[in-house]
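The values are calculated or read from the model by the stated rules, or taken from the named source; none is laboratory data. These numbers were taken from a predicted model, which means no experiment stands behind them. Virtual Cβ from ideal backbone geometry, glycine too; neighbours counted across all protein chains shown. These accessible areas exclude ligands, DNA and RNA; they are computed on the full protein's heavy atoms, side chains included. Shrake-Rupley method; radii C 1.70, N 1.55, O 1.52, S 1.80 Å.
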Amino acid sequence: MSEPTASAGDKEPGQQGRRLFGLRWGRLEEPLGFIKVLQWLFAIFAFGSCGSFSGETGATVKCNDDLKEMTAISVQFGYPFRLSRIPFEMPVCEGNTTKRTLHLMGDFSAPSEFFVTLGVFSFLYSMAALVIYLRFHSLYTENKRLPFADFCVSVSFTFFWLVAAAAWGKGLSDVKGATRPSSLIAAMSVCHLKQAVCNAGATPAMGLANISVLFGFINFILWAGNCWFVFKETSWHVQATNKENSAEQGAIDKQ
């Protein structure tokens, strides 16, 4: 006795589970789809952690003149790290002038802005590539130009992520040196006189900025791995595979 076959209505829920909003979500289980999700996610982490960073450094100045109270100096800084545009007021222990405006040292906007811009472009491209992969997967097999273009873009992003992560890592090291309390004290002339005593304040918390550099190198690894999976979709890999199969088949025929 034959078993009852599933009706068309019984198949619809399964098909809808595999395809929703016109996208075949099952392809996320494949390496090429899964790694694009990771690229999209870690791009957000990279530019978000760098672009939203803010820190604070400071010091205290106590004039030897008992008439003047101890002055606490607090300086806030953050992305895009144009420190030379961030002012702070230095107390003066002599004369009628009470304060003098100074600025932090250095401009590290170039590596930080390049890092954030690359993260935004990686986010946009990963999202677009993921939609194409889930919705128009047949183009990867029918159109030979699309996998080749994706491969070239992936190689470019891999190189740029390596450069951006290394450059921002060096820039962040310089930011730490320019914003530590000892550098703040060294920039104030009043601290070099015997008329005042200067003490370092709290060291800026740079944890989020350190994580952004880590995310940069993770993105480099993801894009480098993605190059291999995209390469397997190109005609180059198909031709190489066909040649290997032909060589193996020829060796078997000779035997």
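Some notes on this structure:
- Being within 14 Å of M206 (Cα to Cα) and aromatic (F, W, Y) is a property that F42 lacks.
- Of G169, G177, all but one fail to be at pLDDT 90 or above and loosely packed, with under 14 Cβ neighbours inside 10 Å; the exception is G177.
- Residues satisfying the stated conditions in the stretch 34-60, i.e. touching a helix residue (DSSP H, G or I) at 6+ places or on another chain (Cβ under 6 Å), within 17 Å of I185 (Cβ to Cβ) and of a type in the set (V, I, T): T57
- Checked across the stretch 225-237, the condition of being open to solvent by less than 70 Å² (accessible area, probe 1.4 Å) and modelled with pLDDT under 55 holds for at least one residue.
- In the stretch 197-208, the residues that are open to solvent by 70 Å² or more (accessible area, probe 1.4 Å) reach residues that are at pLDDT below 90 with C-beta atoms within less than 6 angstrom, at least six apart or across chains, in these pairs: V197/K62.
- Condition met for L208 (in a helix (DSSP H, G or I), farther than 15 Å from F34 by Cα and out of contact with any helix residue (DSSP H, G or I) (no Cβ under 8 Å at 6 or more places or on another chain)): no
- The stretch 82-111 - residue that is aliphatic (A, V, I, L, M) and outside any helix (DSSP H, G or I) and, of those, farthest from A167 (Cα to Cα): V92
- Search result, residues across the stretch 119-134 that are among the hydroxyl-bearing types (S, T, Y) and either open to solvent by 40 Å² or more (accessible area, probe 1.4 Å) or free of Cβ contacts under 8 Å to residues at least 40 places away in the same chain (or both): Y125
- Residue-level analysis places K176 outside the set of residues that are of a type in the set (K, R), farther than 30 Å from V61 by Cα and in a helix (DSSP H, G or I).
- Annotation note: of F114, F157, the sole residue that is part of a helix (DSSP H, G or I) and surrounded by fewer than 17 Cβ atoms within 10 Å (Cβ to Cβ) is F114.
- Of all residues in the stretch 135-145 being open to solvent by 50 Å² or more (accessible area, probe 1.4 Å) and part of a helix (DSSP H, G or I), the one that is farthest from A209 (Cα to Cα): E142
- Listed conditions (1) at pLDDT 95 or above; (2) open to solvent by 80 Å² or more (accessible area, probe 1.4 Å) are all met by K243, apart from (1).
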